[in-house]
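Below is one structure; the comments refer to it alone.
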Amino acid sequence: MSKKILILTGDAVEALEVFYPYYRCLEEGFDATIAAPAVKKINTVIHDFEDWDTYTEKQAYKLDSHAAFSDIKPEEYDGLIIPGGRAPEHIRMNEYVPSIVEHFFQEGKPIAAICHASLVFTVINRELLKNREMSAYIACKPEVESVGATYINKPLHVDNNLVSGHAWPDLPAVMKEFIGQLHK
């Protein structure tokens, strides 16, 4: 039976951070569902590292979501992917997101958190993150620490079921570990 993967995202998701995991899951034979605040065409963005002190952002491709957060039953999924970009800062405000994400922590199911995905963790039960370790984009270090987790300044970090990566260049390692956990 095929594994079911949930990808939580919304407008301003970093294009590589949603497309790469989505297509990698399909390549693996998984049933991947892209969920957003509503079923719609999602606006993706490109974050790049140019000559600025931070990343730049440009409009990218459109991407269809398959389901609204309100329709998601997390118990039907084997793994969770949260891509970065700016999407995490606004999807975390959706009333359904905290309970969806908490389910994966409570059940020990694999979670891949990329770049700014850690912003979503600021709205879940802090006990689920206490004494956990994770990587994230360096600008998210204060949020990681504010929830009681330890920030790890590495491109990839694995803490039990939580696979976290610093940014889109780290996707191959993140997805390799995430997929490995799903095959256990």
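Under a point spin-label approximation (7 Å from Cα along Cα-to-Cβ), what is the Arg126-Lys73 distance to one decimal in nm?
Using points 7 Å along Cα→Cβ, the separation is 3.4 nm.
At 222 nm, what value in deg cm²/dmol follows for the chain if DSSP H runs of at least 4 each add -39500 (n - 2.57) and the sum is divided by all its residues, to the nearest 500?
Helix-only estimate at 222 nm: -7500 deg cm²/dmol.
If we count GluC sites (Glu not before Pro) as exposed when they sit in a DSSP loop and have at most 13 other beta carbons within 10 Å, what is the longest stretch of the chain that avoids them all?
Longest site-free region, per DSSP loop and neighbour criteria: 96-184.
Modelling each spin label as a point 7 Å along the Cα-to-Cβ direction, I'd like the Lys184/Tyr61 distance in nm, to one decimal.
Placing both labels 7 Å along Cα→Cβ, they lie 3.1 nm apart.
Using a 7 Å offset from the Cα along the Cα-to-Cβ direction at both Glu145 and Tyr23, what is the distance between the two label points in nm, to one decimal?
3.8 nm
How far is the Cα center of the stretch 33-52 from the Cα center of the stretch 141-171, in Å?
20 Å
Where in the chain are the DSSP H helices whose alpha-carbon span along the long axis reaches 24 Å or more and whose Kyte-Doolittle mean is at least 0.0?
Span-like helices in the chain: none at all.
So which of Lys3/Lys176; Lys73/Lys141; Lys40/Lys109; Lys58/Lys141; Lys3/Lys73 end up more than 21 Å apart by C-alpha?
Lys73/Lys141; Lys40/Lys109; Lys58/Lys141
Of Asp53, Asp31, Asp71, which has the largest mean-square fluctuation in a 10 Å C-alpha GNM of the chain?
Highest fluctuation of the listed residues: Asp53.
Would you be so kind as to identify which of Ile100, Cys140, His90 lies farthest towards the positive end of the dipole of the chain, taking Lys and Arg as +1 and Asp and Glu as -1 on Cβ and the Cα centre as origin?
Ile100
Label the stretch 56-153 by shape, choosing from rounded, prolate and oblate, from the square roots a ≥ b ≥ c of the eigenvalues of the Cα gyration tensor; if a/c is under 1.5 it is rounded, and otherwise prolate applies when a/b is larger than b/c, oblate when it is not.
oblate
For the stretch 53-132, which trypsin sites (Lys or Arg not before Pro) pass both filters: DSSP loop (anything but H, G, I, E, B) and at most 16 other C-beta atoms within 10 Å?
Hits after loop and neighbour filter: Lys130.
Report relative contact order for the stretch 48-164 in percent, whole number only (criteria: Cα-Cα under 8 Å, sequence separation at least 6).
21 percent
Whole-Hz ³J(HN,Hα) for each residue in the stretch 79-89, computed from phi via Karplus 6.51 cos²θ - 1.76 cosθ + 1.60 with θ = phi - 60°, x for glycine and proline: what do you get?
So the Karplus estimates, Gly and Pro as x, are x, 10, 10, 10, x, x, x, 8, 3, x, 5 Hz.
Taking the Cα centre of the chain as origin, work out the dipole magnitude from +1 charges on Lys and Arg Cβ and -1 charges on Asp and Glu Cβ, in debye rounded to 20.
Using only the charged Cβ atoms, the result is roughly 260 debye.
What is the calculated FRET efficiency for His90 to Asp53, with r their C-beta to C-beta distance and R₀ = 30 Å, to the nearest 0.05?
0.80
Ignoring the sites themselves, what is the longest stretch of the chain with no chymotrypsin sites (Phe, Trp or Tyr not before Pro) in a DSSP loop and at most 13 other beta-carbon atoms within 10 Å?
Longest run free of exposed loop sites: 53-184.
Considering only the chain, what is the antiparallel percent among its DSSP beta bridges, to the nearest 5?
Bridges in the chain are about 35 percent antiparallel.
Please arrange His103, His66 by accessible surface area, largest first, computed with a 1.4 Å probe and ligands excluded.
Listed by decreasing accessible area, they come as His66, His103.
The values are calculated or read from the model by the stated rules, or taken from the named source; none is laboratory data. Here the structure is a predicted model, which means the values were calculated and not measured. No Cβ is skipped: glycine too gets one built from the backbone with ideal geometry, and neighbour counts run over all protein chains shown. With ligands, DNA and RNA removed, areas are computed over all heavy atoms of the protein, side chains included. Shrake-Rupley method; radii C 1.70, N 1.55, O 1.52, S 1.80 Å.
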